[in-house]
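For reference, the structure discussed in these notes is given below.
What follows draws every value from the coordinates through simple rules; no lab data is involved. Note that the coordinates shown come from a computational prediction; the quantities given were computed from them, not determined experimentally. With ideal geometry, Cβ positions are generated from the backbone for all residues, glycine too; neighbour counts draw on all protein chains shown.
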């Protein structure tokens, strides 16, 4: 098998994953719920292992329904626990609790399920290198539908994420809209974790978005920088994995980290060289 035949499917899969995760990551950073991806991914893992315990094949559609069902539960919890009061428990604490409890429950269930340990490992590191074209087509169709949903409601979701005070002033039922946002988010996770694994999916979500926020706060430019960063880091990670015969998922995570460090260094240089406007100059 040639390098192109081996690496083209995972590259295309990465482009699809990056396209939607880099956008969702902007909302995650703006909402300051950084670990919601890990928490929802762990809920999906708990659903998969629970299905395995009752005899459901891990690659079946029924297993995906189990994973989706637990993800919907997670989305409902996060929507219901949203708070803007400083004196109350921050939502990130709730997200962390859900992650820890779901992780522990998944381990307990996996201990009693056949091949439970193997499923937990696959969920953690993924199988991106062995993704097939039929899986990629299914992924593309699912994300196209979800992308359409997010695009049609982008103004409302962006206002809630980036201008929460405005959304509250308009009298919107924010928790209701949060549920739909987290539901779409959870469906994305349900499809992406079996392919990329928890670590890589979290990286797709957070690192490109953080890189974008280093340079701008404009939504359109944020999206462009986030997606571009994901594409470059994915291609570099896959290329290095093939060249040096290293584990693909972990190497890609490290590559994203290196790209973020490079972007941070560039941002510091640009900021230092930027001209300083004298007080009152703008007025003149």
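By the count of neighbouring beta-carbon atoms within 10 Å, fewest first, 173, 21 end up ordered 173, 21. All Cα-Cα distances of the range 148-254, cut into 5 Å bins from zero to the largest, leave 2, 11, 16, 18, 20, 15, 9, 5, 3, 1, 0, 0 percent in each bin in turn.
For the range 54-69, the residues whose backbone nitrogen is under 17 Å from a point 7 Å from the Cα of residue 138, taken along Cα to Cβ, are 56-69.
From the helices alone, meaning DSSP H stretches of at least four residues, give me the mean residue ellipticity at 222 nm for the chain, per-run term -39500 (n - 2.57), in deg cm²/dmol to the nearest 500.
-27500 deg cm²/dmol
Working from Cα pairs under 8 Å separated by at least six residues, relative contact order for the range 167-251 is 22 percent.
Applying 1/(1 + (r/R0)^6) with R0 = 35 Å to the Cβ-Cβ distance of residue 129 and residue 224, what FRET efficiency is obtained, to the nearest 0.05? Taking R0 as 35 Å, the efficiency between residue 129 and residue 224 is 0.80. Is the range 77-147 rounded, prolate or oblate when judged by the Cα gyration tensor, a ≥ b ≥ c being the square roots of its eigenvalues, rounded requiring a/c under 1.5 and prolate requiring a/b larger than b/c? Oblate is the answer for the range 77-147, as a/c is 1.5 or above yet b/c matches or exceeds a/b.
At a threshold of 8 angstrom on Cα-Cα distance, excluding pairs fewer than six apart, so keeping six or more, what relative contact order does the range 3-269 reach in percent? In percent, rounded to a whole number, it is 30. What the pair-distance distribution of the range 36-176 shows, using all Cα-Cα distances binned every 5 Å from zero, is 2, 9, 14, 18, 18, 15, 12, 8, 5, 1, 0 percent.
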